[in-house]
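The values are calculated or read from the model by the stated rules, or taken from the named source; none is laboratory data. Keep in mind the model is a prediction, meaning the values are calculated, not measured. Every residue, glycine among them, receives a Cβ derived from its backbone with ideal geometry; neighbour counts consider all protein chains shown.
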């Protein structure tokens with residue numbers, strides 16, 4: 001029984017460390033843009049990666065999740081950059097290079 005308690009305590013500690021280390025990125029969207037099937041209004045957003053989802057949270061704490069594929073680049077990105085394309089008359093974010101990391105998110109995949 002003692003070993004089981006240690007295992008549970010260890011798992012809880014590991015989970016809390018993983019949650020604490022989840023990085024959030026600040027993103028400013030200057031004009032209406034589509035991300036996956038979601039349309040985001042201009043403003044400041046927090047971006048967090050949760051598994052295979054990119055979660056955007058606006059200044060009113062409303063969250064939007066879109067499918068994302070995480071890729072690792074050969075180099076570290078100096079700052080966060082959005083890559084978009086105009087699809088059907090609307091700017092659509094295709095990918096995000098996350099600043100101070102070598103992580104690139106492909107969105108809506």
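Kindly indicate which of 49, 28 is surrounded by 15 or more Cβ atoms within 10 Å (Cβ to Cβ), at pLDDT below 95 and part of a strand (DSSP E or B).
49
Please work out if residue 50 is in contact with a strand residue (DSSP E or B) (Cβ under 9 Å, 6 or more places away or on another chain) and more than 18 Å from residue 104 (Cα to Cα).
No, not satisfied.
If you go through segment 66-109 one residue at a time, how many are in contact with a strand residue (DSSP E or B) (Cβ under 7 Å, 6 or more places away or on another chain) and without any contact (Cβ under 8 Å) to a residue 24 or more places away in the chain?
5
Here is a check on your reading of the model: is residue 12 out of contact with any helix residue (DSSP H, G or I) (no Cβ under 6 Å at 6 or more places or on another chain), more than 14 Å from residue 98 (Cα to Cα) and modelled with pLDDT under 90?
Yes.
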